[in-house]
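Presented below is the structure to which this report refers.
Computed from the coordinates by the stated procedures, all read-outs in this text should not be read as laboratory data. All figures in this text were calculated on a predicted structure; none of them were measured in a lab. Virtual Cβ from ideal backbone geometry, glycine too; neighbours counted across all protein chains shown.
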Amino acid sequence: MTSPISTRRHGDILIVTSNNPPVNALGHAVREGLVKAIEEADGDDQVKAVVIRCEGQTFFAGADISEFGTPKSFAPPMLPQVVDIIENCTKPVVAAIHGTAFGGGLEVALACHYRVAVPSAKLGVPEVKLGLLPGAGGTQRLPRVAGVAKALDMAATGNPIGAKEAHEVGLVDRLIEGDLESHAVAFADEVKEVRPVPRASERTDKIEGVDSSVFADFRKANARKFRGFDAPEYNIQAIEAAVSKPYAEGVQEERRLFMELMSGTQARAQQYFFFAERKAAKIDGIPEGTSPREIRKVGVIGAGTMGGGISMNFLSAGIPVTIVEMQQEALDRGTGVMRKNYEATAAKGRMTPEQVEKAMGLLTPTLKLEDLADCDLIIEAVFENMDIKKEVFGKLDRIAKPGAILASNTSYLNVDEIAASTSRPEDVLGLHFFSPANVMKLLEVVRGAKTAPDVLVTAMQLAKKIRKVAVVAGVCYGFIGNRMLMPRQIEANKLLLEGATPEQIDRVHVEFGMPMGPFQMADLAGVDIGWHRDPSRIENIRDALCAIDRWGQKKGAGFYDYDEKRRPSPSPKVQEIIEEFRAREGVTPREIDDQEIIDRTLYTMVNEGAKILEEGMAQRASDIDVVWVYGYGWPVYRGGPMFWADTEGPAKIVEGLKRRGFDVADLLARKAEAGEKFTR
Ligand code: 3HC
Ligand code: NAI
């Protein structure tokens, strides 16, 4: 097999090129090739300097994650050896960076004696997002080259920096405008006589005299963000070692910490999730070569909570939107909220005032549905009511141009029934955004019985363009996410009656790693969502809260009381209501332990997930996990509900469900019996 690494000469410069699509991951063959190339440079007097560059879309984007856990990842030369060999080259080595120098890729670049980059390049160590730390000297070299504060931020958050910033902090020696290879060769020619060659591992200027308060402050400032995750703290400790220990000992500490993370469940979960997210984009049963329809203009119907947020996604991506409302007042209110949201982003410095105007300039508000005639995609976001939706789609059928895609943002309703109110069900699908629609990354793409393949392909491609992660769901009540939310909600409410408090149930969920528990979520979203609006009809605790105006945070009271800063506290009034209901139903409250809450609110979700899979409503278990991580904040270090079910073990879940008297989904029972897993 030919090596992905090739070498050629340009005068006395050895140009080493990697060609390992798609992202030049540092798999075994690449590592082997790099070592040979350095040996070639060292062994040949004619070679005065080396340039390492990559073909294709990017510089090395990291270790090959698909090799992790296989013998290949341990096959010598391993990456830590490779980077040492590069750094120890007796001739100056220049990294020529384009695309993304990520993880092991940046570690290779740090081992090179110089780094040049095109301005569009990004440099980062995203290992923390895979539950890891840079394990090939990155935690020791990065602070020496870029400074401790920058290294801490890059390693513990995993966020990359642009080449310009990298240049400012000393991580890039020269920015290259124009052809990267020829400029990198010219740069190598300039530095070929420099001796001793500058080695990052030998530098101490940026790590001397660093006060330990830097680390304490950093931990404190990011405590919320890092809650529950192992890897950020390990990254911090590795960088602390860079400051407090000599290089060789720091590297040993890095290795120890790396191996500890690598053998943990969090790293497995996060690496699994990396591939889960990418797999979700692949749709079963689409004929090869199906090309997407072109979307130049989007229409949105309804400028309420969802319609406004949905529109912002397209405006931000530079796609014009026409938004329709029934009344001028609602239209003005809706567009006003959009502008306010953009301005708030600008106030935080994440957008310029010009960008705000540009986005809002692409918006056409109107009261006439007919104005959607020239749209390539129309998304309906009116009230959640089948009759109204059917009426809207019936009208759209007459207005929309042939080939336009007609989508509903419905949360629960039957997309096939909506499609049947048109003469073109093949053009209809569900595009289920999550609230706030301009922020949440998840998009459930609901595939109707008749949805055409190119409509689905268009939706998936468009999702990427507006930076959403799309997951395909079948037509069923609540699709994937909301359907699994239902058993959780039902059990949470029953638990209240039986003796638990909202605080206890929410605490168990937060300790598990969710951003909030079911009752905090209800208060945030609005306790009144889906309420029948009749204060005299009180059938459950939620009806009772709604009847006395406890609609959640927006009213300053819901399952919790809120102060003027929206800080929650347990509510004696709610406790009173719960007790009234207990008396009414003849329930004597009992002590409820945390495990029971887990069994009844989380195991039941897994059970529902198994049913969804069995019915073919999700293409694969990992798609369910993507829905829960991106739609509801399931902690990614637990992989998602189905991955978590596998770490608990399907047999244990079955046992827990049976203990509480639930019917077990057939697929779950079969998995438990056969000792199989959902995700592996
Ligand atoms: N290893 C193996 N495969 C990888 C990979 C990697 N490091 N990075 C990306 N891929 C694969 C993807 O799975 C995908 O495969 P598919 O086409 O079969 O689905 C393909 O490459 C293209 O990836 P994307 O769809 O993500 O392409 P984008 O252009 O959107 O993004 C990217 C490119 C920014 C490089 C992005 O893929 C990325 O962030 N990759 C991960 C980078 C990373 O985490 N590196 C650190 C690895 S750990 C490490 O280096 C440990 C070391 O310190 C010891
Ligand atoms: P909303 O009540 O905030 O907004 C609906 C808007 O549609 C109102 O402004 C109303 O005036 C307008 N409208 C109603 N009929 C219309 C018509 N015939 N023509 C033009 N405009 C019309 O409701 P929200 O929350 O935005 O929900 C919209 C849809 O999105 C619903 O189907 C809902 O289930 C779904 N959804 C809601 C989520 C949420 O968290 N609010 C999350 C995901 C989906």
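How much FRET efficiency would the formula 1/(1 + (r/R0)^6) give for Y412 and H532, where r is the Cβ-Cβ distance and R0 is 25 Å, rounded to 0.05?
For R0 = 25 Å, the calculated efficiency reads 0.95.
Dipole of the chain (Lys/Arg Cβ +1, Asp/Glu Cβ -1, origin at the Cα centre): which of I236, M154, G137 lies farthest to the positive side?
Of the options given, the answer is M154.
Mind ordering 281-288, 388-395 by average Cβ neighbours within 10 Å, highest first?
For the peptides 281-288, 388-395, the packing ranking is 388-395, 281-288.
Name the residue farthest towards the positive end of the dipole of the chain from the options S73, L456, L14, assuming +1 on Cβ of Lys and Arg, -1 on Cβ of Asp and Glu, about the Cα centre.
So the residue furthest toward the plus end is L456.
Taking 0.36 nm per intervening residue step and subtracting the Cα-Cα distance, what contour gain separates E177 from A651 on full extension?
164.7 nm
Starting from the 7 Å offset along Cα-to-Cβ, what nm value, one decimal, do you get for the label separation of K358 and T204?
Here the answer is 4.9 nm between the modelled labels.
Take every DSSP beta bridge whose two residues both sit in the chain, then give the antiparallel share in percent to the nearest 5.
30 percent
Please get the size of the charge dipole for the chain, origin at its Cα centre, with Cβ charges of +1 on Lys and Arg and -1 on Asp and Glu, quoted in debye to the nearest 20.
440 debye
Tell me, what is the FRET efficiency for A346 and M386 to the nearest 0.05, using R0 = 45 angstrom and their Cβ-Cβ distance as r?
It comes out at approximately 0.70.
Rounded if a/c is under 1.5, else prolate if a/b is larger than b/c, else oblate: which is the chain, with a ≥ b ≥ c the root eigenvalues of its Cα gyration tensor?
Prolate, since a/c reaches 1.5 and a/b exceeds b/c.
Among T90, T345, rank each residue by its count of other Cβ atoms within 10 Å, from fewest to most, as a rough exposure measure. Could you put the intermediate results ahead of the total?
Details: T90 13, T345 17.
By the 10 Å Cβ count, ascending, the order reads T90, T345.
Can you grab the distance from the C-alpha centre of the range 250-288 to the C-alpha centre of the range 622-638, Å, no decimals?
If we compute the Cα centre of each part, the gap is 14 Å.
Under a point-charge model restricted to the Cβ atoms of Lys and Arg (+1) and Asp and Glu (-1), what is the dipole moment magnitude of the range 360-470 relative to its Cα centre, in debye to the nearest 20?
Charge dipole of the range 360-470: 400 debye, to the nearest 20.
Would you mind giving the three semi-axes, in whole Å and largest first, of the ellipsoid equivalent to the range 336-458 according to its Cα gyration tensor?
Each semi-axis is √(5λ); the values are 29, 16, 14 Å.
So what is the 222 nm mean residue ellipticity for the chain from helices alone, if each DSSP H run of at least 4 adds -39500 (n - 2.57) and you divide by all residues, rounding to the nearest 500 deg cm²/dmol?
My calculation for the chain gives -14000 deg cm²/dmol from helical runs alone.
Order the peptides 116-122, 494-500 from the highest to the lowest mean number of other Cβ atoms within 10 Å of their residues. Working shown, then result.
Working: 116-122: 21.1, 494-500: 19.3.
Result, highest mean first: 116-122, 494-500.
Could you give the nm distance between label points at R670 and M486, where each point is 7 Å from its Cα heading toward the beta carbon?
A separation of 2.2 nm, rounded to one decimal place.
Can you tell me the length gained on complete extension of the stretch A75 to R9, counting 0.36 nm per residue apart and subtracting the Cα distance?
Taking A75 through R9 to full extension adds about 20.8 nm, to one decimal.
Within the range 464-503, find all residues whose amide N lies under 11 Å from a label point positioned 7 Å from the Cα of R582 along Cα-to-beta-carbon.
So the set is 496-501.
For each pair in K72/K150; K390/K441; K225/K297; K282/K358; K282/K450, compute the distance between the two Cα atoms and list the pairs where it is over 30 Å.
The pairs that break the limit, which is 30 Å between Cα atoms, are K72/K150; K225/K297; K282/K358.
So how much slack lies between A281 and E193, counting 0.36 nm per residue of separation and subtracting their Cα-Cα distance, in nm?
26.7 nm
Once phi is turned into θ = phi - 60°, what whole-Hz ³J(HN,Hα) does the Karplus curve with 6.51, -1.76 and 1.60 give for every residue of the range 192-197, x standing for Gly and Pro?
5, 8, 4, 9, x, 5
Give me the one-decimal nm value for the distance between modelled label points at D371 and K441, 7 Å along each residue's Cα-to-Cβ direction.
Between D371 and K441, the simple spin-label model gives 3.5 nm.
Roughly how far apart, in whole Å, are the Cα centres of the range 214-243 and the range 495-546?
For the range 214-243 versus the range 495-546, the Cα centre distance is 35 Å.
Name the residue from T647, N607, M259 whose Cα lies farthest towards the positive end of the charge dipole of the chain, charges +1 on Cβ of Lys and Arg and -1 on Cβ of Asp and Glu.
The listed residue farthest towards the positive side: N607.
Quick one: what are the phi-derived ³J(HN,Hα) couplings along the range 541-551, Karplus 6.51/-1.76/1.60 with θ = phi - 60°, whole Hz, x for glycine and proline?
The phi angles translate into 4, 4, 4, 5, 5, 4, 4, 9, 6, 8, 8 Hz.
So how do 458-467, 49-58 stack up, highest first, on mean other-Cβ count within 10 Å?
Result, highest mean first: 49-58, 458-467.
Just report the Cα centroid separation between the range 403-436 and the range 313-343, whole Å.
Using only Cα atoms to place each centre, the spacing works out to 21 Å.
Can you list residues from other chains, or at least 5 along the same chain, whose modelled amide H is less than 5 Å from the amide H of A25?
When sequence neighbours closer than 5 places are left aside, the close amide H contacts are A61.
Taking amide hydrogens as modeled 1.01 Å from N in the peptide plane, which residues meet the under 5 Å criterion relative to A49, leaving out close sequence neighbours?
Under 5 Å from the amide H of A49 lie the amide H atoms of L14, each far enough along the sequence or on another chain.
By counting other Cβ atoms within 10 Å of each Cβ, how are D173, D646, D45, D12 ranked from fewest to most?
D45, D12, D173, D646
Say R0 is 22 Å: what FRET efficiency, to the nearest 0.05, do A221 and N159 get from their beta-carbon distance?
Efficiency for this residue pair is about 0.95.
Which cross-chain or sequence-distant (5 or more) residues have an amide H under 5 Å from the amide H of V300, H modelled 1.01 Å from N in plane?
Counting only residues 5 or more places away or on other chains, the set is T322, I323, V324, I379.
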